[in-house]
1. Could you list, in sequence order, all residues of the range 178-198 that are farther than 23 Å from residue 70 by Cα and open to solvent by 30 Å² or more (accessible area, probe 1.4 Å)?
2. How many of the residues in the range 101-127 are more than 20 Å from the chain's Cα centre (by Cα), touching a residue at least 60 places away in the same chain (Cβ under 8 Å) and part of a helix (DSSP H, G or I)?
3. Which residue is nearest to residue 125 (Cα to Cα), if the candidates are limited to the range 27-46 and must be open to solvent by 20 Å² or more (accessible area, probe 1.4 Å) and in contact with a strand residue (DSSP E or B) (Cβ under 6 Å, 6 or more places away or on another chain)?
4. Across the range 2-31, what is the number of residues that are aliphatic (A, V, I, L, M), in contact (Cβ under 8 Å) with a residue 40 or more places away in the chain and assigned to a loop (DSSP other than H, G, I, E, B)?
5. Do you know which residues across the range 53-100 are open to solvent by less than 30 Å² (accessible area, probe 1.4 Å), closer than 29 Å to residue 43 by Cβ, of a type in the set (A, V, I, L, M) and not in a helix (DSSP H, G or I)?
6. Would you confirm whether any residue within the range 11-26 is more than 18 Å from the chain's Cα centre (by Cα), open to solvent by less than 50 Å² (accessible area, probe 1.4 Å) and not hydrophobic (A, V, I, L, M, F, W, C)?
7. Give the range 128-177 a look and list any residue that's open to solvent by 50 Å² or more (accessible area, probe 1.4 Å), in a loop (DSSP other than H, G, I, E, B) and not aliphatic (A, V, I, L, M), or say none.
8. Is it true that some residue in the range 107-117 is more than 30 Å from residue 86 (Cα to Cα) and out of contact with any Gly (no Cβ under 7 Å at 6 or more places or on another chain)?
Amino acid sequence: MSLKLFELVGTDPARPFSPFCWRTRMALAHKGLSAESIPWRFTEKQAIAPHGSEKVPVLLDRDKPVVDSWAIANHLEDTYPDRPSLFGGEGGRAMARMLNWWGDLAIVGGIFPLIIADIPKNLAAVDAEYFRRTREARFGKPLEEIMASRDTGVVAFRKSLDVLRFTLKAQPWLGGAQPNYADYIVFGGFQWARLVSPFRLLETDDPVYAWRERLLDAFDGMARTSPGFAV
């Protein structure tokens, strides 16, 4: 078995921080698979262009490229059916597809303006310049201005998590009795924030915080031991 994973990093190659790469990291661990990590940075487009992508994660499975975290999850499920299921059947896969979009829009999209100006602090100069230029063009304002209202913005973000909160009061994991890819979709966003920003997204008495803590400890503490902030 030969698996390689291109992962977004900054100045510390041991600190992969993409929310989408963390979905894949957790999915691989769930399947009991390991992949060689290939550090990749924002301005290294040429490294993954031959694999048909401009973004990570990119998984190479016996040198066959699989692009995008959702496609990778499906590839792992279908290619390694003898290992623990990421979805728990086709119904679970269908529901996870919806949650994958919700994770992109509500979790990653909700967190982004709260931490956006902290991200360049983790990057080398050339990547920080690229990140600032492209994101300021997208939002039409400086990163610091986007993030200026985060102390009030985080209140609205926490309220938006009620759907998670109510679910986690009824069951220990989004996947039910055990975590599955539904949990990893959402967790990826919180791990991303923890790795790049000291800003506290969650109150410690929040059921979502307790759920995140359990996932930090999953798979022998794989996510917790990745360098990050104590938030």
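1. Within the range 178-198, just 198 meets the criteria.
2. Result for the range 101-127: 1.
3. This residue is 38.
4. In the first step, residues of the range 2-31 are kept if they are aliphatic (A, V, I, L, M); the result is 3, 5, 8-9, 14, 26-29.
Keeping just the survivors that are in contact (Cβ under 8 Å) with a residue 40 or more places away in the chain gives 3, 5, 8, 14, 26-29.
Keeping just the survivors that are assigned to a loop (DSSP other than H, G, I, E, B) gives 14.
Selection size over the range 2-31: 1.
5. Scanning the range 53-100 gives 56, 58, 59, 60, 66.
6. No - not one qualifying residue is present in the range 11-26.
7. 140, 141, 142, 149, 171, 172
8. There is at least one residue in the range 107-117 that is more than 30 Å from residue 86 (Cα to Cα) and out of contact with any Gly (no Cβ under 7 Å at 6 or more places or on another chain).
The values are calculated or read from the model by the stated rules, or taken from the named source; none is laboratory data. Everything quoted here is computed from the prediction, not taken from an experiment. Glycine also receives a Cβ, built like all others from the backbone with ideal geometry; neighbour counts cover every protein chain displayed. The area values use the complete protein model at the heavy-atom level, side chains included, leaving out ligands, DNA and RNA. Shrake-Rupley method; radii C 1.70, N 1.55, O 1.52, S 1.80 Å.
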